[in-house]
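Report on the following structure.
The values are calculated or read from the model by the stated rules, or taken from the named source; none is laboratory data. Source: prediction; values computed, not measured. Cβ sites come from the backbone with ideal geometry, for glycine too, and all protein chains shown count toward neighbours. We work out accessible area using only protein heavy atoms, side chains counted, and drop any ligands, DNA or RNA first. Shrake-Rupley method; radii C 1.70, N 1.55, O 1.52, S 1.80 Å.
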Amino acid sequence: MKKTLLSGIKPTGQIHLGNYFGAIKQWVDLVKSGEYESFVMIADYHALNFIQNKEEMRSLTQELVVDYLAVGLDPKEVTIFKQSDISAHTELTWIFDTLVTVPFLERAHAFKDAEAKNKEISVGTFNYPVLMASDILLYSPDVVPVGSDQKQHVEYTRDIADKFNFKFGETFKLPKEMILESVATVPGIDGQKMSKSYGNTIPLFASDEEIEKAVMSIVTDSSGDVPTNVYAIHKLLKTEEELAPIYEANKGKYKALKEALIADLKAFVGPLRARREEILANPTLVKETLEMGAKRAREVAEKKLEEAKVAIGVL
Ligand code: TYM
């Protein structure tokens, strides 16, 4: 019996090295191991909290499918699907909404951050963890590979599953997050967590010029031999053993070290970008991938939703 993997990304902008090393690389490796039935989602209904423009939503969604294919996710080996294609996600969210309390959701980090920035947050933002619980629980995954910023969401998912099971009988499998410690929080060019919303990213498919610009603007302090923020990003591409002689030979030479990082990033990103171009040249691939994915995801999700509907007594 294969184990099950589920994860996803919001189509809210270009994916970056944080998304790749924190989550996507683990998906690719686990899919290739052949040990998992895998589901990888485009969380477009989550993105709707941020992207409220038809053309933008459409193009960001398409781009993310192309990205998934370019990093080596093969639609024959992994179910790639769009959240909005599977209405079971929003339907189960309503069922969970009747169990989840307002104070429980008020304790979520993402809600507190959103509230600190903007008092008038949407109900969708508030309810974000419940939709995410539905995303996960419909597929009964053994692992949910994510970066550490999603840890609390998976904990919330377990709590919601537990509450449902306690009230209505064993229905949902309690999922576990899978977080690799070394890449749990990939830093951006300013040393903070790399994030679309902080404007400190290096895009995974960056052009050579974008790589140069991003690396040259990595924040370095003027003390010490090793520019910490440069080293932290470099460590994603090379082992500490490989980096030791480079950093030893260039102690305090921040420009030379940045140039070494630029060369390594170009060598890493170049083939990915080329693969992306190939995929873009085949415009039907995205459509076919999503159609195939929706079919398989729907089979699994509808079966679980039906179990939940029987358990609560509406079926
Ligand atoms: P999102 O779109 O913000 O990010 C996608 C994935 O990338 C990881 N990540 C990082 N990991 C390490 N370091 C970083 N700097 C970094 N930045 C981003 C995130 O942890 C995530 O794994 N709510 C989710 C999307 C989602 C989902 C799901 C995920 C919706 N439903 C069900 C798993 C299961 C999100 O906003 O991720």
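Report, to the nearest 10°, how far helix 128-137 tilts away from the longest principal axis of the Cα atoms in the chain, using its own Cα long axis and a range of 0 to 90°.
Compared with the principal axis, the helix lies near 80 degrees.
Among ALA244, ALA301, ALA43, which one shows the highest mean-square fluctuation when the chain is modelled as a Gaussian network with alpha-carbon springs under 10 Å?
For the chain, modelled as a Gaussian network with Cα springs under 10 Å, the answer is ALA244.
Tell me, what is the 1.4 Å probe accessible area of ARG298, in Å² to the nearest 10?
Surface accessible to solvent at ARG298 totals approximately 90 Å².
Would you please give the residues with an amide H less than 5 Å from that of GLY8, counting only those at least 5 places away or on a separate chain, with H modeled from the backbone geometry?
Distant-sequence amide H within range of GLY8: MET41.
In segment 79-183, how many lysine pairs have Cα atoms under 21 Å apart, counting only pairs 8 or more places apart or on different chains?
So the count of such lysine pairs works out to 6.
Rounded to the nearest 5, what % of the DSSP beta bridges within the chain are antiparallel ones?
Counting only bridges with both partners in the chain, antiparallel ones make up about 10 percent.
Where does helix 284-312 land angle-wise versus the long Cα axis of the chain, in degrees 0 to 90, nearest 10?
So the helix axis and the longest Cα principal axis differ by about 40 degrees.
Can you pull a Stokes-Einstein diffusion coefficient for segment 196-278 at 10 °C (1.306 mPa s), Rh from Kirkwood over Cα pairs, as a whole number of µm²/s?
118 µm²/s
Report, in degrees rounded to the nearest 10, the 0 to 90 angle that the Cα long axis of helix 88-97 makes with the longest principal axis of the chain.
That works out to roughly 70 degrees.
Can you pull the accessible area of SER217 for me, 1.4 Å probe, Å² to the nearest 10?
For SER217, solvent-accessible area is about 60 Å².
Using the alpha carbon gyration tensor of the chain, what are the three equivalent-ellipsoid semi-axes (square root of 5 times each eigenvalue), largest first, in whole Å?
So the three semi-axes of the chain are 37, 22, 18 Å.
Go from 0 up to the bin containing the longest alpha carbon distance in segment 1-145, width 5 Å each, and give me the % of pairs per bin.
All Cα pairs, binned at 5 Å, distribute as 2, 9, 18, 19, 21, 16, 10, 4, 1, 0 percent.
Which percent of Cα pairs goes in each bin when the distances of segment 135-265 are cut into 5 angstrom slices starting at zero?
2, 9, 16, 16, 13, 10, 8, 7, 7, 5, 3, 2, 0
Mind putting a number on the dipole of segment 112-228 about its Cα centre? Charges go on the C-beta only, +1 for Lys and Arg and -1 for Asp and Glu, and I need it in Debye to the nearest 20.
So the dipole magnitude of segment 112-228 works out to roughly 620 debye.
Please state the shape class of segment 254-315: rounded when a/c is under 1.5, otherwise prolate if a/b exceeds b/c and oblate if not, all from the C-alpha gyration tensor.
oblate
How big is the dipole moment of the chain about its Cα centre under a simple scheme where the beta carbon of each Lys and Arg is +1, that of each Asp and Glu is -1, and everything else is neutral? Debye, nearest 20, please.
240 debye
Top to bottom by accessible area (1.4 Å), largest first, where do MET132, MET178, MET292, MET1 land?
Descending accessible area places them as MET1, MET292, MET178, MET132.
Quick one: which residues, 5+ away or cross-chain, put their amide H under 5 Å from the amide H of SER38? H built at 1.01 Å from N.
Counting only residues 5 or more places away or on other chains, the set is LEU5, THR79.
With the contact rule set at Cα under 8 Å and sequence spacing of 6 or more, what percent relative contact order holds for segment 196-278?
It rounds to 36 percent for segment 196-278.
Rank ASP135, ASP190 by accessible area, highest first, at a 1.4 Å probe radius?
ASP190, ASP135
Taking 8 Å as the Cα distance limit and 6 or more residues as the minimum spacing, I'd like the relative contact order of segment 68-168 as a percentage.
30 percent
Output the relative contact order of the chain, whole-number percent, from Cα pairs under 8 angstrom with separation of 6+ residues.
For the chain, the relative contact order is 24 percent.
As a test question: what accessible area, to the nearest 10 Å², does TYR198 have when a 1.4 Å probe is rolled over all protein chains in place?
Probe radius 1.4 Å; accessible area of TYR198 about 130 Å².
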